[in-house]
Amino acid sequence: MGKFCEEVKELSIEIMGAITESLGLGRDYLSSRMDENGMQVMTVNCYPPCPDPETALGLPPHSDYSCITILLQNLAGLKIFDPMAHGGSGRWVAVPEVTGVLKVHIGDHVEVLSNGLYKSIVHKVTLNEENTRISLASLHSLGMDDKMSVPCELVTDENPVRYKESSFKDFLDFLVKNDISQGDRFIDTLRIKD
Ligand SMILES: O=C(O)CCC(=O)C(=O)O
Ligand SMILES: [Fe+2]
C-alpha cells in the first residue's frame with residue numbers, strides 16, 4: 001500500500017504537469033507546491049452487496065474537492081454525470097470497469113485553476129446484489145492552507161476571474177457547515193456571479 005501511495009502521488013504530479021501545460025502555464029507551474037507541501041488523502045471505500053440496489057446508493061452524487069483524484073476499483077458501479085447530454089438536461093453514464101485501469105477525476109481545484117475550462121466531474125457509486133465492491137481513491141491537492149486561485153496568465157477582459165480562491169482548509173470548513181449527501185457542492189460556493 002505504501003508503494004502504491006508513493007507511485008500514485010508521482011503519477012498525480014505528472015498528470016497535473018500535463019494539465020498546467022495544456023493551460024499554457026508550463027509543466028512545473030504547481031509541481032513543487034504539490035510535491036513538497038501537497039496533500040494526498042487516500043480513501044478506501046468498501047460497498048457490501050445490497051439486496052435492493054435500486055433503492056440505495058454507495059456514494060451520493062458529488063465532485064471531489066481535490067485537484068485530481070486517481071481511482072482504482074474492483075467492479076463497475078461508478079457513474080458520471082454528463083451535463084451536456086439531452087440538450088442540457090444531462091444524464092448519468094456508467095463507467096465501464098476495465099481490470100487494472102486507473103481512472104482520473106478532475107476535482108474542484110482544477111476547475112478553479114483553469115478558470116472553468118476544465119469542469120470538476122459529478123459522480124456517484126451504485127451498488128450490486130452479489131459482490132462486495134472495493135475502491136481506492138487517492139485525492140491530490142495543494143497544502144492545507146495553500147490557496148488555489150485563478151492564474152493571472154489566464155485572465156483577460158473577455159475572460160475575467162470566475163472563481164474565488166480557496167484552500168483545502170476552506171473545504172474542510174465547508175464540510176462542517178454543509179451536507180454533501182444532499183448535493184451541496186464546494187465549487188458552487190467559489191463561483192463569482194457576473
Ligand atoms: O468508489 C468509487 O468508485 C468512487 C469513490 C469516490 O468517488 C470517492 O471516494 O470520492
Ligand atoms: Fe468522489
| query | Is there a residue being touching a Lys or Arg at 6+ places or on another chain (Cβ under 6 Å) and either away from ligand 2 (no atom under 16 Å from the Cβ) or open to solvent by less than 30 Å² (accessible area, probe 1.4 Å) (or both) anywhere in the stretch 115-136? | reply | yes
| note | Okay, strands (runs of 3 or more DSSP E) sitting entirely in the stretch 1-96 with 1 or more residues that are in contact with a Gly (Cβ under 7 Å, 6 or more places away or on another chain) and touching a residue at least 40 places away in the same chain (Cβ under 8 Å), I get 39-47, 59-62, 68-73, 78-82
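Suppose the filter is of a type in the set (Val, Ile, Thr), open to solvent by 30 Å² or more (accessible area, probe 1.4 Å), within 11 Å of ligand 1 (Cβ to nearest atom) and in contact with a Leu (Cβ under 8 Å, 6 or more places away or on another chain); does Thr69 pass it?
Values: of a type in the set (Val, Ile, Thr): yes; open to solvent by 30 Å² or more (accessible area, probe 1.4 Å): no; within 11 Å of ligand 1 (Cβ to nearest atom): yes; in contact with a Leu (Cβ under 8 Å, 6 or more places away or on another chain): yes.
Considered against the rule, which asks whether it is of a type in the set (Val, Ile, Thr), open to solvent by 30 Å² or more (accessible area, probe 1.4 Å), within 11 Å of ligand 1 (Cβ to nearest atom) and in contact with a Leu (Cβ under 8 Å, 6 or more places away or on another chain), Thr69 comes out as no.
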| Do you know which of the residues in the stretch 140-164 that are closer than 26 Å to Pro60 by Cα and without any contact (Cβ under 8 Å) to a residue 60 or more places away in the chain is most open to solvent (accessible area, probe 1.4 Å)? | Lys164
| task | Please determine, by comparing only the residues of the stretch 97-114 that are farther than 13 Å from Ile19 by Cα and in contact (Cβ under 8 Å) with a residue 40 or more places away in the chain, which one is least open to solvent (accessible area, probe 1.4 Å). | result | Asp108
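The values are calculated or read from the model by the stated rules, or taken from the named source; none is laboratory data. Computed from a predicted structure; not experimentally measured. When we count neighbours, we look across all protein chains shown, and the Cβ atoms used for this are built from the backbone with ideal geometry, even at glycine. Side chains are part of the model used for accessible areas, which takes the heavy atoms of the whole protein and leaves out ligands, DNA and RNA. Shrake-Rupley method; radii C 1.70, N 1.55, O 1.52, S 1.80 Å.
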